[in-house]
Amino acid sequence: MCFKNLPVEFDAAGRAHLRGGIPDPYSVTVTRPDVAMTDEEREEQIKRLMARNGHIRELNMDPVTRVAGALAVNVTADLEGGRYLDARSQATLFRGYEVIAMGRDPRDAVFITSRACGVCGGVHSHASVYAIEMAMGLAPPPMGTVIRNMGEAAEMGYDNPLHLYLLAGPDYSEAVVKAVNPELWPKAERWKCPNQEHHGFATMAEIMTELNPLTGRLYQEGLEFTRLSREKFVLLHGKYPHPQTIVPGGVATTVTMETLNEYHAKIGRIFDYAQRMVGVWDDITEFFYEADDRYKLVGSRPMNFIDNGYWDDPYAYDATYENCNEWGEKRWSTPGVIIDGELVTTRLTDTNIGMEEFVEHSYYEKWSGDRYETDPGGQPLSPFHPWNKRTLPRPSEKSWKERYTWATSPRWDRKVMEAGAYARLFLTAKAQMHPNSDFIEATGNSIRMKIPHGFRPENEVEWKVPEYWNAFERNRGRAYHYLFSQLVGLESLLEAYRLMKKGDTKVAAVDHRGLEKAIPKDERRGVGFWGAGRGYLTHWLTLDEGKIVNYQIVTPSTINAAPRDPWDQPGAYEEAVMNTPIIEKFSDPKEFTSVDMLRAIRSFDPCMPCTTHVHTGSGTVVREVNTCACGAD
Amino acid sequence: MALIRRRVVIGGVGHLYQGDLDLGRVAVERLGREDLGGDVVVEEFSYGAVAVAQRLQELQPELLILVGAKERGRAPGTVERRDVHALTDEPAAIQGAIADAITGYIDLDLVLDVAHGLGGLPARVVTVEVEPASVAPSEQLTAIGEIALARAIALVRAEL
């Protein structure tokens, strides 16, 4: 029984049903999660503290990035007590890809939704294609799936070092540490790195120096390896980002032995680097833990993760919802949900039917009207499920008690979840369902990864399910995920060679003429269970008369940057900030940089533009459902 | 790194269907249909500026022409040509731009700052900028935006 809050139970065959005898079972007042503290109680606590402590300050850390008005975090901090009492994550940027997609030919959605993010160059294309091909009933041939796997491994090879060395890394650099944690520098100079043999740095101070923005060797190397991965992706898909070769039913790529050999040459350079990467982030984590135990609380929150899994078994994936639990569990990283560190499901239908999106604190109207009561398999669906959602923008004044963000509140089983590349490691480690591999072995509590020899000899590393969950473990997990993804890329390359040897080189179910004919005229639903460098990514669509009549996207940053929900549960950023102690030293509040909070938020690999992807023109939806795409432009 | 030398690169920076902010993308879409000569490459740069900088390092142009819309408080439809000089060399500012680019923001100034910081800009850089009349989501440019687009394209052609 994976659901604790939703009134959903399972029969002996594993099919979900609504528990009987509950009127209006999905009502937010009927089915409520356990909540530790309501906003009213939180406010009372702050008032009490303010009455006896003059050090409570409200700080608007706006913007977290340099681009004004994109992501703001409003916090109430007790500077003397060294803690954050309240936090509100606000996304003020809004665009409109879901609405723009409506009324169009489904093939357009691949190119439109790709623009939801400028960094994640191919993941939205893939998620969109997965949703469309499910609705169309087009399964890719094995080589098509293998090429997708190789491309997406390359994309992770772009995203992960970009985040670790160009965004998060500078927070741990000599320049920043000397400025905000000067007490750590002498320790860093003395601290001998346990992983020196893997990364070559004798002390933590050396690592911190090489993390310096622009000039540090680790920074520059991170940049160089993103280039290498971008080149791998371009080899397969022609361009990065926004590829045009990911198509329903496969890919439109010409794959030759030369393509595979070039990919091989590039991936071969990555493994020494991956070994250095895990060594560096292992040592950073251990150094900070040793330096001050409170770092274990920076960005901490419960181990609640959701992920769709990633990289398909080319012989299992058939693009059907009916079989999604079978092909999902055969993915290289296992789909599912972890609650408080425990695996509760690996079934894609469970991750799907448990998902709801709430807008009580967002600039949207609630929706109503006709809805799907079940998924395509007859299992119950909430009225708040994305297949039932309508995007009804309602811009209004910001109010922390009412509406304050363009992000929504996705919840699974009415619990606050977290998305991240590291969720793939948790799920794969615990489920032990991944395909047989010479390089990857899940143990139930860890993943052992064998690093093929490069300039260095073959080696084995092990990511272990951490005891604590915080900013440092997110970064460490992302480093191991980089290695994991490249091993999947290698396994997929080897499969491509096998297929090539057999002459099995077909990469798409149909050509462009066949694709035109495959567009259904009846009502169909599809869901693209996929992922991004930042974790969970799902596209849902409904087609009717050959056009898109509903399109919904939940990105990893939608999940992580979510505001409060109907029960006052803070979103993941908000919760992580409230659990973060203020460790930095400052004598004057004006010197307060909030580096601990920034480390907490940046550890999620935030991507704000793809968090909010609904647009409005003066409060009205610009495109209407079911307009004829042929006359739209 | 594969080098593909081109004398001129014309890059458009825009936001799909975001009113006149889409102008840079539309401009290179139209310019891409013209015969501008074999040593001119026209590309869309409406994506993360770190990847744009890497692409520019591959192309190694002598002249980069960037075209796009940018809100700077000018009269709507204003078209400005600018020789780009004196970009910031301040490491914190460059890192700020890189962080923004990684966090997903797309902007003409970010392309300049990031590509400059990462050594991707050629010696000659020209921008052709338009002040948008509307940034509200729309699949078409405004009438003012269309007129400005024609002028911007003419300015780009004059650089060749």
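The values are calculated or read from the model by the stated rules, or taken from the named source; none is laboratory data. Being a predicted model, the structure only gives us computed values, none of them experimental. FYI the Cβ positions are ideal-geometry reconstructions off the backbone, even for glycines, and counts take in every protein chain you see. Ligands, DNA and RNA are excluded from the accessible area calculation, which covers all protein heavy atoms including side chains. Shrake-Rupley method; radii C 1.70, N 1.55, O 1.52, S 1.80 Å.
On the principal axes of its Cα set, how long, how wide and how thick is segment A:231-359? Give whole Å, largest value first.
54, 40, 30
What trypsin sites (Lys or Arg not before Pro) does segment A:320-388 have in DSSP loop regions with at most 16 other beta carbons within 10 Å?
Details: sites: A:330, A:331, A:347, A:366, A:371; in loops: A:330, A:331, A:347, A:366, A:371.
The qualifying sites are A:366, A:371.
Using θ = phi - 60° and the Karplus relation 6.51 cos²θ - 1.76 cosθ + 1.60, list the HN-Hα couplings for segment B:54-60 in order, rounded to whole Hz, with x at every Gly or Pro.
5, 5, 5, 5, 6, 7, 6
Exceeding 21 Å between C-alpha atoms, which entries from my cross-link table qualify? They are A:296/A:430; A:239/A:266; A:330/A:547.
On the way: A:296/A:430 23 Å; A:239/A:266 17 Å; A:330/A:547 32 Å.
Pairs exceeding the cut-off: A:296/A:430; A:330/A:547.
List the lysines whose alpha-carbon lies under 21 Å from that of residue A:401, not counting same-chain residues fewer than 8 positions away?
Cα-Cα hits under 21 Å: A:47, A:366, A:415.
Restrict the search to segment A:247-293; then list the trypsin sites (Lys or Arg not before Pro) that DSSP places in a loop and that have at most 15 other Cβ atoms within 10 Å of their Cβ. Kindly include the intermediate steps, with their values, before the conclusion.
On the way: sites: A:266, A:269, A:276; in loops: A:269.
Within segment A:247-293, the qualifying trypsin sites (Lys or Arg not before Pro) (loop, at most 15 other Cβ atoms within 10 Å) are A:269.
Counting only protein chains, not ligands or nucleic acids, how are A:303, A:143 ordered by accessible area (probe 1.4 Å), most first?
On the way: A:303 30, A:143 0 Å².
My answer, sorted largest first, is A:303, A:143.
Looking at segment B:11-110, which trypsin sites (Lys or Arg not before Pro) are in a loop (DSSP not H, G, I, E or B) and have at most 11 other Cβ atoms within 10 Å? It would help to have the intermediate numbers written out before the result.
Numbers: sites: B:25, B:30, B:33, B:55, B:70, B:72, B:74, B:81, B:82; in loops: B:33, B:70, B:72, B:74.
Sparse-neighbourhood loop trypsin sites (Lys or Arg not before Pro): B:33, B:72.
Roughly how many percent of the accessible protein surface of the protein assembly as shown is carbon and sulfur, given a 1.4 Å probe and a whole-percent answer?
Details: 13360 of 27400 Å².
Ligands and nucleic acids excluded, carbon and sulfur reach 49 percent.
Mind checking the dipole of segment A:95-169: about its Cα centre, +1 per Lys or Arg Cβ, -1 per Asp or Glu Cβ, Debye to the nearest 20?
Values: 5 positive and 7 negative charges, 24 e Å.
Magnitude of the dipole: close to 120 debye.
On a straight-distance basis, which aspartates and glutamates could pair with residue B:70 in a cross-link, Cα separation under 17 angstrom, same-chain partners fewer than 8 positions away excluded?
Within the straight-line limit of under 17 Å, residue B:70 reaches these aspartates and glutamates: B:20, B:22, B:44, B:80, B:83, B:100, B:107, B:109, B:113, B:129, B:131, B:146.
Which aspartates and glutamates have a Cα less than 17 Å from the Cα of residue A:464, not counting those fewer than 8 places away in the same chain?
Counting by Cα, and skipping residues close in sequence, residue A:464 has these aspartates and glutamates nearby: A:282, A:283, A:286, A:340, A:342, A:441, A:473.
Taking amide hydrogens as modeled 1.01 Å from N in the peptide plane, which residues meet the under 5 Å criterion relative to residue A:419, leaving out close sequence neighbours?
Counting only residues 5 or more places away or on other chains, the set is A:560.
Rounded if a/c is under 1.5, else prolate if a/b is larger than b/c, else oblate: which is segment A:425-466, with a ≥ b ≥ c the root eigenvalues of its Cα gyration tensor? Walk me through the intermediate numbers first.
On the way: a/c = 3.73, a/b = 1.80, b/c = 2.07.
Taking the square roots of the gyration eigenvalues as a ≥ b ≥ c, segment A:425-466 is oblate.
To check you understand DSSP bridge types, tell me what percent of the beta bridges within chain B (both residues inside) are antiparallel, rounded to 5. Show your work: numbers first, answer last.
Details: 5 of 24 bridges.
Antiparallel: roughly 20 percent of the beta bridges in chain B.
Note down the magnitude of the dipole of chain A about its Cα centre, charges +1 on Lys and Arg C-beta and -1 on Asp and Glu C-beta and zero elsewhere, to the nearest 20 debye.
On the way: 72 positive and 88 negative charges, 170 e Å.
Taking the Cα centre of chain A as origin, the dipole is about 820 debye.
Under 5 Å between amide H atoms, partner at least 5 residues away or on a different chain: which partners does residue A:104 have, H built in plane at 1.01 Å?
A:548
Can you send over the solvent-accessible area of residue A:585, 1.4 Å probe, protein chains only, in Å² to the nearest 10?
Accessible area of residue A:585: about 130 Å².
Quick check on the protein assembly as shown: of the DSSP beta bridges with both residues there, what percent are antiparallel, nearest 5%?
Details: 67 of 88 bridges.
Antiparallel bridges make up about 75 percent of those DSSP assigns within the protein assembly as shown.
With a bin width of 5 angstrom, please list the P(r) values of segment B:8-151 as percents of all Cα-Cα pairs, from the 0 bin to the one holding the largest distance.
Reading the bins upward from 0: 2, 11, 20, 23, 21, 14, 7, 1, 0.
Report, in deg cm²/dmol and to the nearest 500, the calculated mean residue ellipticity at 222 nm for chain A, where each DSSP H run with n ≥ 4 adds -39500 (n - 2.57) and the sum is divided by the residue count. Could the numbers behind the result be given before it?
Numbers: 20 runs with 224 residues, N = 633.
When only DSSP H runs of four or more count, the value is -11000 deg cm²/dmol.
Taking a quarter of the surface of the convex hull around the Cα atoms of chain A, what do you get in nm²?
Working: hull surface 110.5 nm².
Answer in nm², one decimal: 27.6.
In terms of modelled amide H atoms, which long-range or inter-chain residues lie less than 5 Å from the amide H of residue A:391?
Amide H to amide H, under 5 Å and 5 or more residues apart or across chains, residue A:391 pairs with nothing.
Where the only charges are on Cβ atoms (+1 Lys, Arg; -1 Asp, Glu), what is the dipole of segment A:478-533 about its Cα centre, to the nearest 20 debye?
Approximately 60 debye in magnitude.
May I ask you to evaluate 6.51 cos²θ - 1.76 cosθ + 1.60, the Karplus curve with θ = phi - 60°, for each residue of segment A:123-128 and list the ³J(HN,Hα) values in order in whole Hz, giving x for glycine and proline?
5, 5, 4, 5, 4, 5
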